[in-house]
Each structure stands twice: as C-alpha cells, then as structure tokens.
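Take a look at the structure set out below.
Every number here is computed from the coordinates shown, using simple stated rules; none is lab data. Computed from a predicted structure; not experimentally measured. Every residue, glycine as well, gets a Cβ built from its backbone with ideal geometry; the counts of neighbours run over all protein chains shown.
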Amino acid sequence: MTPIRLACLAAAALLALAIVWAGATASFSASFSKITNDPWGVVTLIDLYCAFLVSGILIWRFEPSRPLALLLIVATLGLGSLVPLLWLAFRGLGRLGAARRAG
C-alpha cells in the first residue's frame, strides 16, 4: 500500500472517529448554530464547501461510473471529507495516476 493511500485511510479513520465523538458529545444543530453566528465560522464553512466542490469535480472527472460519482458527491455533503478520502484510497489514486501517465 502506498504512503499516500495510507495517509488517506489514516485521515479517514481519524475523521470517522471525530464524527462519532462529536455526535456523542454535542448537539449538531446547537454546534452548527454557534458556527454560523461567528464570522470565522462562516469563512470556515465557505472554505469547507469549496473543498467539497473541488473534490466533487475530481470525482466526477475521474470516476467512470456516473451513478457512483453522483452518490459520492451527494454523500460528501453529509459526511464531509470522509467520502473523498475513501474514494481516493480505494479508487481515485489509481485513476488519477492512470490519467497522469496517459498524458
């Protein structure tokens, strides 16, 4: 397994644990309300969704299965970067490498 793939899997595992911890510790709606009431929280959300947009573009461009690509993009909106990290680890890195070698 390549170091990049391992890094993606480690980041995905860490994020999954953080999601479980946050879900068990705090109310999503109360926490989200605090974020949206803070200007830097809004900036963080804009940055987050820009990253989701870039991830979605890459998935759409390099995932040959359109139904799977659409499912992954929609899942990213709810589960965050966990989805693109897992896609990169299991499918994306090979496709990106093949595209790079092809030209």
Query raised in the report: Does residue 59 count as loosely packed, with under 14 Cβ neighbours inside 10 Å, under 23 Å from residue 97 (Cβ atoms), of a type in the set (A, V, I, L, M, F, W, C) and in contact (Cβ under 8 Å) with a residue 12 or more places away in the chain?
Result: no
Query - Residues that are outside any helix (DSSP H, G or I) and surrounded by 11 or more Cβ atoms within 10 Å (Cβ to Cβ), drawn from segment 24-37 - result: 26
Requested in this report: For segment 46-78, enumerate the residues that are touching a helix residue (DSSP H, G or I) at 6+ places or on another chain (Cβ under 7 Å), of a type in the set (Gly, Ala, Ser) and farther than 20 Å from residue 15 by Cα.
Outcome: 69
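Just checking, which of 40, 21 is over 28 Å from residue 91 (Cα atoms) and either polar (S, T, N, Q) or assigned to a helix (DSSP H, G or I) (or both)? Don't jump to the end; show me each part of the working.
Details: 21 fails: over 28 Å from residue 91 (Cα atoms).
Just one listed residue meets the conditions, 40.
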**Report entry** Unique residue being of a type in the set (A, V, I, L, M) and either surrounded by 15 or more Cβ atoms within 10 Å (Cβ to Cβ) or in contact with a Phe, Trp or Tyr (Cβ under 7 Å, 6 or more places away or on another chain) (or both) when the list is 72, 68, 53, 48
**Finding:** 72
Query raised in the report: Picking from 15, 6, 85, which residue would you name as being part of a helix (DSSP H, G or I) and out of contact with any Leu (no Cβ under 9 Å at 6 or more places or on another chain)?
Result: 6
Query raised in the report: Taking residue 96 and the conditions (1) surrounded by fewer than 19 Cβ atoms within 10 Å (Cβ to Cβ); (2) free of Cβ contacts under 8 Å to residues at least 24 places away in the same chain, which numbered condition does it fall short on, given that it satisfies the others?
Result: (2)
